[in-house]
Structures are given as structure tokens and as C-alpha cells.
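Quick notes on the structure that follows.
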Amino acid sequence: MKKVQFTETILRDANQSLVATRLGYDQFEPILDEIDRAGFYSVECWGGATFDVCLRFLHEDPWERLRKIRKKLPNTKLQMLLRGQNLLGYKPYPDDVVRRFVRAAVKNGIDIVRTFDALNDTRNLKVAIEETVKAGAMASGAISYTTSPVHTLDKYVAQAKEMAQMGVGSICIKDMAGILSPKDAYDLVAAIKDAVDLPLVVHTHSTTGLAFMTYMKAVEAGADVIDTAISPFSGGTSQPATETLNYALRELGYETGLNDDALLKMANFFKPIRADFLSDGTLNPISMATDTQCLNYQIPGGMLSNLLSQMKMLNALDKYEDALLETPRVRADMGYPPLVTPTSQLIGTQAVQNVMAGERYKNVGAEMRAYCRGEYGQTPAPIDPEIRAKILKGEQPIEGRFADTLPKDSFEKAKAQLGDTARCDEDVLSYISFPEVAEKFFAERKAAEEKVVRYSITQL
Ligand code: CO
């Protein structure tokens, strides 16, 4: 019998794409037993923006969240999304930190580390993949999918082969914008399956409405796993619904291994949670709708809403359309990076600045300058030389791999600097990832504990 398996994204990507990652652990804890029973290939539950949001907004220790999920899902593979050398942050980190972070993630419960690089520069995947394998987990090498004059099928196949040589246990086609068409999915899956003897995962978003058709053709071409979200948190900028694809593919003769009863309980559980997010405004109904603009502008859904809110904050909504048109131009100038964290932020911000200043590249942020120096890696096509010269003002771009120029003892240094504030190595990693946010979190944690102590003393 033909077989296709599912990765459930409710705890990470669906959560991130629809409700700005605001699902708290206590909110979903009661349904974890059913998720464990559902028969997923894996559950994506950590990484991406979850780490930052846990510390910054939810007052949760992301490491503790992971350990709790691990305990509640003994029979399911836990998966995280890692931004390669950029870890869960927005800039490249030194190698010793990358190794420590990956090791800690695996130690705290992760089985599969899906690693991508925003530029598809495999030098930024190497250390993370190596350390994942060393720690005894499965590395899944992701291709950040985009379309441009320089992104060809052959290049994607070459990347898949290279990642296979690095020791990944699976390949993932990661389409963050929902622009992977059924035809291109079929061709790409067939070509990669032909070239590499590894399980192939396809990840897309419903943003443009292509996703159901794309998965269908991907599965026909031999995809082994698809990423879906339980129905109440599916559609729009999230993944297509788990139950729907399970129904359709099973009817077509595929064995999915999913438990309908568990899926039903999950859907019933998340419906009222969705209703709460809708009524408090966290979930904007627009994010659940189909938006074909992404097909024209090649801009991921999340970036569209970010642009809109940036222009609103600048009181420049009248220039929104200009910023929208400027984005693909900046992307072309910058060598056609796939638009995914952190390049989506870099390109989006620059487009807004170009439009606001009325002169292109008059105002350029420190990150964009670092990008032009080559710190984020090699761009898919060369950066426009004139624009690069304007931005770098005589500074020379780096040669080779940026992380090789960084100190090798950043972890130990940060640990020493934190002293007693860090209770464990995981605290040090939180601090290195997001210094100010983590410090605030540590202080709040301490204050909350002191309050509990005071409370129990008065009880006596
Ligand atoms: Co995604």
C-alpha cells in the first residue's frame, strides 16, 4: 500500500502564522495526550518564533516548555525549526554557540532538527547538521523555496545532494510563502527523489490557496511526509487542514497512519481556543483568508501583514502600495534571497526605508550593511555592485564563511558574565539568543519565586 505521513504544526507554525505564536503551554497541555495518540510522523512544537515569544511575551521558559511536551508525548517524534547558523534569532551566531544550542535542544527532548538557511548557503547549515547527528537526533535539511531568475530546479537538487552528504536523515522543501505550485512541486519532488535516497518532506502554507493541490501533486511525485495543521488552526497563512488531507489521501489509497478519533478530539479542543483568539483580536480573520497577492509580489503572507503594520506605525499608509512594489525590487538588488527570517525582515525594512526617504538606500540599517558585507552568507545572485558600494562606503566585503571570523569561546564568556543569574546552560543559551529579553525574564522569574515564598510564609 502507498504510504504518506503527516507532521502536525499546530504547536509551532500554525500557532506562529495565525496567532503570532501566542499559544501558551497551559492552553494546549490538556490535548497533548490525544496529539500523542494521533499517529503523526512528527509534531513540530519548538523553534522558529516560539522561543523568542515564550521569553518575551508568555513569561515561559522555552526549555521548560520543551521538557513538558517531551514528557506528554512519549510516543511521538518532536520536531523543531532551526534557522541554521542564525539559530532562533536574527543574526549569525558563533559555532560554539550553535553546537551548544543544538545539543541542548536534543538533550531536552527534540528528535528532529529541521534546519534551513535563509540564503540556502550550505556553509550555514554544516555545523548545525553535524552537531544534530552527533547528538543522536535526526537532521532534516530544508531548502528555502523561492522563485527567481536564478533559482532553478538543478540548483535545488544540487542542494539536496549536498545536504545528503552532510548527513541529514531527510530533505524538506520549505515553502514559507505558499507559492509552490502543484506543477513545480511535482517536478521538484520527482527530481529530488530521483537524485537522493532519503525521505522527502514538503512544507507549504495555504496563503495563496495552492496548498491542497500542491500537496496532492507532491504526494503523487513521491513525497513521504506533508506538513498540515489541525483544522481550527488551518488555512490562510497557516498549513492546510490535517483532517482534510487525511480524508482525501486515504480515499485515494494512501495509508496515513492517522487516528481519526484523536484528530476529532484535537479539532474539538482547538475550536473554542480559536474563538477566544478571534474575539480578543490576536487572530485576524484576514490571515485565514486566501490572498493571491503573494503570487504577484512573491512576498510571504507574514511579511505583507508586517509591512502593513510598519506603514501604519509610520503614519504612511498612503505609501503602502509603493512599499509593496519596492519589496521585490530590493530583493532583486540584494541577489534574490528567499524571503524568510531573517532576510524577510531585512528586505522588508529596507523597502520601507527606501519609500519613506524618497531616495533608495539613503538610510540603511546595521543589519543590511552586515548582509552586504557577506555576514549572512553568499547570496543566490550577486548583490547589485553599485548599490553595494553605496551601502558599504568603502568597507570591504568579507571573504569566506562569516562564523569562521567569530570568537570560539562565546558560550563560556557569556556564562562567566552571567554568573549566578544563569541557573543552567540553557539559561546561558537563552541569554546569548536574546540578551535583554532573557535578562528581563530571569528577573521576573526570580521576583515571581520570591512572591511565592512570601506567600507561603504568610500562610504559615
Ligand atoms: Co512555515
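The values are calculated or read from the model by the stated rules, or taken from the named source; none is laboratory data. The model shown is predicted, which means the values in this text are computed figures rather than measured ones. We place every Cβ from the backbone using ideal geometry, glycine too, and count neighbours over all the protein chains shown. Note: areas computed on protein heavy atoms with side chains; ligands, DNA, RNA excluded. Shrake-Rupley method; radii C 1.70, N 1.55, O 1.52, S 1.80 Å.
Length gain on complete extension for the stretch Asn284 to Asp33, per 0.36 nm per residue less the alpha carbon to alpha carbon distance? Show your work: numbers first, answer last.
Working: separation 251, 0.36 × 251 = 90.36 nm, distance 2.89 nm.
The Asn284-Asp33 span can extend by a further 87.5 nm.
What does the convex hull of the alpha-carbon atoms of the chain project to on average, in nm²? All intermediate terms of the calculation are to be shown ahead of the outcome.
Numbers: hull surface 92.7 nm².
That works out to 23.2 nm², a quarter of the Cα hull's surface.
Direction-averaged shadow area of the convex hull around the Cα atoms of the range 282-355, nm²?
With every direction weighted equally, the projected area is 5.0 nm².
Which whole-number value in Å³ per residue fits the convex hull of the alpha carbons of the range 50-205?
125
Would you mind giving the average projected area, over all directions, of the Cα convex hull of the range 219-292 in nm² with one decimal?
For the range 219-292, averaging the hull's shadow over all directions gives 5.8 nm².
Please state the charge dipole magnitude for the chain, taken about the Cα centre, from unit charges on C-beta atoms (+1 on K and R, -1 on D and E), reported in debye and rounded to the nearest 20.
It works out to roughly 520 debye.
Which pairs, out of Lys362/Lys393; Lys91/Lys319; Lys312/Lys390, put more than 19 Å between their alpha-carbon atoms? Present the calculation step by step, with values, prior to reporting the outcome.
Values: Lys362/Lys393 12 Å; Lys91/Lys319 29 Å; Lys312/Lys390 29 Å.
Check vs 19 Å cut-off fails for Lys91/Lys319; Lys312/Lys390.
What number do you get for the range 302-460 when its Cα radius of gyration is normalised by 2.2 N^0.38 Å, N = residues?
1.42
Going Cα to Cα from Lys217, which lysines come in below 27 Å? Please leave out same-chain ones fewer than 8 positions away.
Here the lysines satisfying the reach criterion relative to Lys217 are Lys2, Lys3, Lys77, Lys155, Lys161, Lys174, Lys183, Lys193.
Work from the charge dipole of the chain (Cβ charges, +1 for Lys and Arg, -1 for Asp and Glu, about the Cα centre) and give the residue of Ser430, Thr237, Met266 farthest towards its positive end.
Highest projection toward the positive end goes to Ser430.
In deg cm²/dmol and to the nearest 500, what is the mean residue ellipticity at 222 nm of the chain if only DSSP H runs of at least 4 residues count, each as -39500 (n - 2.57), divided by the residue total?
When only DSSP H runs of four or more count, the value is -15000 deg cm²/dmol.
Compute the separation of the alpha-carbon centres of the range 287-349 and the range 170-187 and state it in Å as a whole number.
20
For the chain, which whole-number percentage of the solvent-accessible area (1.4 Å probe, protein heavy atoms only) is attributable to carbon and sulfur atoms?
On the chain, the fraction of accessible area on carbon and sulfur atoms equals 53 percent.
What whole-number volume per residue, in cubic angstrom, does the convex hull of the C-alpha atoms of the range 134-179 give?
Spelled out: Cα convex hull of the range 134-179, divided by residues, is 73 Å³.
About the Cα centre, and with charges only on the beta carbon of Lys, Arg (+1) and Asp, Glu (-1), how big is the dipole of the range 407-451? Nearest 20 debye, please.
Charge dipole, the range 407-451, about its Cα centre: 40 debye, nearest 20.
Would you kindly state how much longer the chain becomes between Glu162 and His59 on full extension, computed as 0.36 nm times their sequence separation minus their alpha carbon distance, in nm to one decimal?
Contour length minus the Cα-Cα distance gives 33.1 nm.
What's the long-distance tail for the range 367-423, i.e. % of Cα pairs beyond 17 Å?
Numbers: 830 of 1596 pairs.
Distances greater than 17 Å cover 52 percent of the Cα pairs.
Counting alpha carbon pairs within less than 8 Å and at least 6 residues apart, what relative contact order, in whole percent, applies to the range 173-260?
Result for the range 173-260 is 28 percent.
Determine which aspartates and glutamates satisfy two conditions relative to Lys415: a Cα distance under 20 Å, and not lying fewer than 8 residues away in the same chain.
Here the aspartates and glutamates satisfying the reach criterion relative to Lys415 are Asp52, Asp61, Glu64, Asp95, Asp96, Asp425, Glu426, Asp427, Glu436, Glu439, Glu444.
Too long at a 29 Å Cα-Cα cut-off: which of Lys107/Lys446; Lys408/Lys446; Lys71/Lys408?
Correct reply: Lys408/Lys446; Lys71/Lys408.
Hey, could you grab the Kirkwood Rh for the range 156-252? Inverse mean 1/r over distinct alpha carbon pairs, Å, one decimal.
13.4
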